[in-house]
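Bear in mind that the values in this text are calculations on the coordinates, not laboratory data. Quick caveat: nothing in here was measured; it's all calculated off a predicted structure. Here the Cβ positions follow ideal geometry from the backbone for every residue, glycine too, while neighbour counts run over all protein chains shown.
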Amino acid sequence: MNSLLRPALSLVLMMTVITGIAYPLVVTGIAQLMFPAQANGSLVYDDRGQVRGSALLAQGFAGDQWFHSRPSAADFATVASGASNLAPSNPALAERIRQAAAEQFVTEQGPVPLALLTTSASGLDPHLPPAAVRYQLLRVANARQISVETLQDLVSTHTETPLFGPPVINVQALNTALMTLTP
């Protein structure tokens with residue numbers, strides 16, 4: 001029995017050291033060397049060097065002077081991230097969308113883009129399609145007393161074209177750049 005137990009325990013201990021200690025340290029070290037910004041959370045800093053968020057997580061921006069992210073079922077809390085789990089047939093979802101559409105509706109611009117009314121699967125997606133950001137241009141321009149053309153240039157600068165999928169705009173990065181603009 002002892003002849004079987006000793007090799008088994010040795011193997012468990014060796015695999016614990018390799019997979020539980022050595023491998024994570026090597027991967028973390030490589031990540032820190034090759035991709036330090038991403039390995040540390042893709043943090044977004046303001047002009048004073050203070051952390052304002054992460055480029056990977058949406059934040060709630062209140063007020064007409066900011067571009068708004070998608071709604072979040074978890075109110076942008078990372079611990080409770082997730083979808084609302086309301087089915088399309090659920091009257092509560094229809095009411096929430098109807099209420100959000102009424103709040104954001106601009107007569108001259110037509111219907112509110114769906115991305116501004118529905119949550120993402122995680123509730124923390126920082127990206128919006130360009131049409132959803134353009135829908136907000138007039139509101140932000142009026143609140144900040146900046147020309148729409150200036151904001152359009154800023155939006156164009158922050159439009160990302162991923163390898164797969166449609167173009168997107170990171171609202172966190174866009175609002176961080178918006179802080180540097182003065183009317």
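Brief remarks follow.
- Degrees between helix 91-104 axis and first principal axis of the chain (Cα, 0 to 90, nearest 10): 50
- Unit Cα scatterers, Debye sum, the chain: log10 I(q)/I(0) for q = 0.08 Å⁻¹: -0.39
- Angle between the chain longest axis and helix 148-157 axis [Cα atoms, degrees, rounded to 10]: 20
- For the stretch 131-176, the fraction of C-alpha pairs more than 14 angstrom apart is 50%.
- Each peptide in 3-9, 132-138, 157-163, 115-121 was scored by the mean count of other Cβ atoms within 10 Å over its residues; highest first, the order is 132-138, 115-121, 157-163, 3-9.
- Mean separation of Cα contacts under 8 Å (6+ apart) over length of the stretch 106-166, as relative contact order %: 29
- Selected from Thr28, Val171, Pro111, residue furthest toward positive end of dipole (the chain; charges at beta carbon): Thr28
- Selection from Ile146, Leu4, Phe61 lying farthest towards where the dipole of the chain points positive, charges on Cβ: Leu4
- To the nearest ten degrees, helix 23-34 and the longest principal axis of the Cα atoms of the chain are 40 degrees apart.
- In the chain, the DSSP-assigned H stretches of four residues or longer account for a calculated mean residue ellipticity at 222 nm of -12000 deg cm²/dmol, using -39500 (n - 2.57) per stretch and the full residue count as denominator.
- For the stretch 1-41, the fraction of alpha-carbon pairs in successive 10 Å shells from zero, as %: 28, 28, 21, 14, 8, 0
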